[in-house]
Amino acid sequence: MASEREVFGLSGPLHLNNIDWNNSHHRRSVAASLVEGVYILERDRQEKREGSQALAPPWWEFFHFKLVRKLVDDADFAIFGAIYEYKPPSSHFNDSIVSIDRSPRYVIAFRGTITKPDSFTRDFELDVHIIRNGLHQTSRFEIGMQAVRNMVASVGDNNVWLAGHSLGAAMVMLAGKTMAKMGNFLEAFLFNPPFLSAPIERIKDKKVKHGLRIAGSVITAGLAIAAKGKNPRSRSEDPFAALSAWTPSLFVNPADHICSEYVGYFEHRKKMEEIGAGAIERLATQHSLGGLFMSVVGRGAEVAEPLHLLPCATLTVNLSPSNDFKQAHGLHQWWRPDLNLKCNIYKFK
């Protein structure tokens, strides 16, 4: 039995019947809808909905996209991603030539965790890999990463968008960072991307929150210096150098503890710059406490760079009230036309 949320005609952004690609709200809504299309593709597979019974196609066809390929996990054969090609009617090019300039040619989208028996076990396993900084070692990521590499090699990085939600946003983050280090800077839309740390952003007392962040920065910077002292090769390495030219779009909800820490991550760095402690924070934001501790005690080679470490981003925060965590973490919020959004662009090196 299909839920109302799966039916595009009932819960999709029907108000976007004329896309202006220069409008950030339109770009965000289309990207989120294409990710939702991946969720519904997998639900169609699980429910054996085919042909006219399938619910997924309207989630991309409404915006003139064509499904080029489904990305399938080799462990459970679940659909976790999709490659779409933008195929607007010829009249769109004549009437909206300026609008077309910021449109994508291809979008590679990744879904998040589905809490249904057919896919939950594998999805949960990957969620654990994110916590352990091991997503890069999974076959699902390698399948997705190879699709990204192949598409960029075929059409160029200017013609490819990445989009993902939750677990899928972690896939986009890792794929985008990997490509950026190779000099390919893809436009990326990360909805509710995981940020694994203590939920300091949930503390309401601003002085306590700021004090904890400063203490954390000082400790992290100190450990970073100690780790560099133990590893001479790391002294000349700057993990952010290659990433500073990539500015992904992050969409977070402060009521979602999975992603809310991004708000404090960037704002704290800005405040540290303002009080003259930018050097400490520049060092601190390039490392995680866990990874540094392992480096200092001699196990640094086993610790991968945490996904959330990022020098630049366009951060959009949804300040609209959420009824519960499920709504705050949900994908549907990102195409509502009545959102109270706060957007900031952060550029650090």
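The values are calculated or read from the model by the stated rules, or taken from the named source; none is laboratory data. Just so it is clear, the structure is predicted and the values come from calculations on it, not from any experiment. Because the Cβ atoms are built from the backbone with ideal geometry, glycine has one as well, and the counts that use them run over all protein chains shown. Calculation scope for accessible area: heavy atoms of the full protein, side chains included, ligands and nucleic acids excluded. Shrake-Rupley method; radii C 1.70, N 1.55, O 1.52, S 1.80 Å.
Structure summary
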| read-out | value |
| --- | --- |
| Cβ pairs under 7 Å, 6+ apart, first in the stretch 329-343 and closer than 13 Å to Phe191 by Cβ, second among the basic types (Lys, Arg) and outside any loop (DSSP other than H, G, I, E, B) | His332/Arg5; Trp334/Arg28 |
| Candidate set: the stretch 30-77, residues that are among the hydroxyl-bearing types (Ser, Thr, Tyr) and crowded, with 18+ Cβ neighbours inside 10 Å; chosen: the one nearest to Asp123 (Cα to Cα) | Tyr39 |
| The stretch 1-37, residues that are among the β-branched types (Val, Ile, Thr) and under 16 Å from His64 (Cα atoms) | Ile19, Val30, Val35 |
| Residue in the stretch 137-147 that is among the basic types (Lys, Arg) and either modelled with pLDDT under 95 or in contact with a Gly (Cβ under 6 Å, 6 or more places away or on another chain) (or both) present | no |
| Matching residues in the stretch 7-46 - criterion: being in contact (Cβ under 8 Å) with a residue 60 or more places away in the chain, assigned to a helix (DSSP H, G or I) and acidic (Asp, Glu) | Glu36, Glu42 |
| Failed condition for Asn344, given (1) surrounded by 15 or more Cβ atoms within 10 Å (Cβ to Cβ); (2) under 20 Å from Leu243 (Cβ atoms); (3) at pLDDT 90 or above; (4) not charged (D, E, K, R) | (1) |
| Pairs with Cβ under 9 Å, 6+ apart, first in the stretch 65-82 and farther than 16 Å from Val160 by Cα and free of Cβ contacts under 8 Å to residues at least 60 places away in the same chain, second open to solvent by less than 60 Å² (accessible area, probe 1.4 Å) and assigned to a loop (DSSP other than H, G, I, E, B) | Ala78/Ile114; Ile79/Asp73; Ile79/Arg111 |
| Any hit, the stretch 248-270, residues being at pLDDT 90 or above, over 19 Å from the mean Cα position of the chain (by Cα), of a type outside the set (Gly, Ala, Ser) and not in a strand (DSSP E or B) | no |
| Residues of the stretch 160-194 classified as touching a strand residue (DSSP E or B) at 6+ places or on another chain (Cβ under 6 Å) and open to solvent by 20 Å² or more (accessible area, probe 1.4 Å), total | 1 |
| Within the stretch 54-170, strands (runs of 3 or more DSSP E) holding 3 or more residues that are more than 19 Å from the chain's Cα centre (by Cα) | 65-72 |
| Any pair with Cβ under 9 angstrom, 6 or more apart, that starts in the stretch 144-164 at a residue that is on the phi > 0 side of the Ramachandran plot and ends at one that is open to solvent by 30 Å² or more (accessible area, probe 1.4 Å) | Gly156/Arg105; Gly156/Asn184 |
